[in-house]
Amino acid sequence: MLPGIGIFGSDPISKVLIEILGHLEFDVHAIWTNISDKETRNLIKSSNLVTNSIDTVLLNKNVQLVFVCCQPNFHSQICTKALGIGKNVICLNPTCSDRVEIEQMIVSARYYPCLLSSICFGGLRYLKEYTSLKNKLNLIGDIKVCNITINCHNIVMARNQMHQSLSNKKFQLDILSEIVDKINLNVSSTSAPGSVNWLSDKDLGAGVLNRYGAAIISMILDMLEGKKVTKVFGCLKTLVDTFPESGNGKNNFTIRKITADDYCTFQLNLEPGSVLINVCINSLAHSKYSHEINVCGSRGVLKWIDSNVYHVNFDNYNLNSAIIDSNNNESTYPDSNNENTVPENDPKSQACEEFLNNYAKIEDTYPELPFLYVRGLYFYLKKVKEKFIEFHNLKSNSKKSATVPFPSENLDNFEHTRLIQTVVKSIYQSSCENRWVPVKY
């Protein structure tokens, strides 16, 4: 009933993906890496599941669903090939930014409506905090402004910290997620082509705008349904443009410069209603990921701070604050644990929370993987599982099972990718030209 999995990419997100898929009862049959150092080649020879050939994964008869979580410039090639031979495809952010390549992905997806073709922009909108926020928008009246502040780790520097965390680890190379860890250790201690360098190159899709900004834009457009970004203003900076020393004490890529943005701020103007969105993303804080989202309306404010959602009501010029729990109820006295409260009589929810608690400190080892995004990915994959079960039932009850379209409601498709990347490209243009830029769809 559930499809076999093939994974393209060996970044830290692949390790988490393997573990979550295993928890959700998916089987991973193959993983592709483009890392080519000597130790990784030896790992490939000793493992039947790891390969450096794209076709080996795609032609594996046990693989029906592929996850593309490698560097963005490979996304179009892999997606179009996979859909062309009848494989379902899911891309993880950061995704392909070239418009021509995105169009190729869209054409392939339209040609095969019976296959799933989806993109996961961080999974923020699958979190119950986001659901609470969206369901309470009617309490604050007409939305005027939304302010979003994000502090996080510098992605390039994060690989150095990851090396230090993994260097003393003993690996069980009969476990696929441990093999991915070993590959990441090899990458962070060498200057292997295709390892750290794409994370530093804005032309390959790196930078905080494409990684976190795109996820925020996707969430905003879903939250404010019916509204469209008409113009943008952005400022992107690369404030740290040299590579740090790697785990072996050497400086990698000394002849290269980092071009990916590590700080960005941008404004979006949404119509109708002239809603202004202000976003600031700072990776120079060198801290665990944290965000504060303030949605300001004519009658109140909704705040999403990390894992808690608050409602501030304007009542006779007094501020009455209440926290919104996971059941969408308000309580007068905020309790920081309310948002993650699990009903005692719901064993499935308890098992889910127990599993996710294993990743509560994931940023200590993998600073580039915010816990909030790991949770979002989990609930996104849970939704994908439900859709495949629904699809199986639809085919079983249909006389023409071969023509039943995949039920992809609530899963973003490649056309959504084009929409988000159009806005992102406009922000890049605005930063270069230092002016408001209209978004041309």
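Reducing region 166-185 and region 80-98 to their Cα centroids gives an inter-centroid distance of 27 Å.
For SER117, the amide hydrogen comes within under 5 Å of the amide hydrogens of VAL89, counting only partners 5 or more places away or on other chains and with H modelled in the peptide plane. Of the residues SER283, SER307, SER53, the one that moves most in a GNM of the chain with alpha-carbon contacts below 10 Å is SER53.
Which helices of the chain meet both criteria: a Cα extent of 27 Å or more along the helical axis and a mean Kyte-Doolittle score no lower than -1.0, with helices taken as whole DSSP H segments?
Long hydrophobic helices here: 371-396, 414-433.
Each residue, LEU394 and LYS348, gets one label point 7 Å from its Cα in the Cβ direction; the gap between the two is 2.0 nm. For the pair region 402-441 / region 263-300, the C-alpha centres are spaced 18 Å from each other. As a ratio to 2.2 N^0.38 Å, the alpha-carbon radius of gyration for region 118-235 is 1.43.
Assuming 1.306 mPa s and 10 °C, estimate D for region 1-106 with Stokes-Einstein, Rh taken as the Kirkwood radius over Cα pairs, in µm²/s.
Rounded to a whole number, D works out at 113 µm²/s.
Report the FRET efficiency, 1/(1 + (r/R0)^6), for ALA402 and GLU178, where r is their Cβ-Cβ distance and R0 is 41 Å, rounded to 0.05. Don't jump to the answer; show the numbers that get you there.
Values: r = 40 Å, r/R0 = 0.97.
With a Förster radius of 41 Å, E is 0.55.
All alpha carbon pair distances within the chain were sorted into 20 Å bins beginning at 0; the resulting P(r) in whole percents reads 24, 58, 17, 0.
To the nearest 0.05, what FRET efficiency results for GLU225 and ASN358 with a Förster distance of 30 Å applied to their C-beta separation? Walk me through the intermediate numbers first.
Numbers: r = 34 Å, r/R0 = 1.15.
Here the calculated transfer efficiency is 0.30.
Taking the chain as a Gaussian network of alpha-carbon nodes connected by springs under 10 Å, the highest mean-square fluctuation of the residues ASN73, ASN358, ASN294 belongs to ASN358.
Summarising the amide proton neighbourhood of VAL439: residues at separation of 5 or more, or on other chains, whose placed amide H is nearer than 5 Å comprise LYS231, VAL232.
Among ASN42, PHE67, VAL107, whose Cα projects farthest towards the positive end of the dipole of the chain, with charges put on the beta-carbon of Lys, Arg (+1) and Asp, Glu (-1)? Toward the positive end, the furthest listed residue is VAL107. List the residues whose amide H sits under 5 Å from the amide H of VAL50, counting only those 5 or more places along or on another chain, with H placed 1.01 Å from N in the peptide plane. So VAL50 has HN proximity to ILE31. Think of the chain as having a plus end and a minus end, set by charges on the Cβ of Lys, Arg, Asp and Glu; of SER132, VAL312, SER200, SER200 sits farthest toward the positive end of this dipole. Placing unit charges on the Cβ atoms only, positive for Lys and Arg and negative for Asp and Glu, gives region 349-390 a dipole magnitude near 200 debye about its Cα centre.
The mean of 1/r over all distinct Cα pairs in region 93-187, once inverted, gives the Kirkwood hydrodynamic radius of 18.5 Å. Taking ASN42, ASN62, ASN184 in turn, the Gaussian network model of the chain (Cα-Cα springs below 10 Å) assigns the largest fluctuation to ASN42.
No lab work stands behind these numbers, since they all come straight from the coordinates. This is a predicted model, so every value here is computed, not measured. Glycine also receives a Cβ, built like all others from the backbone with ideal geometry; neighbour counts cover every protein chain displayed.
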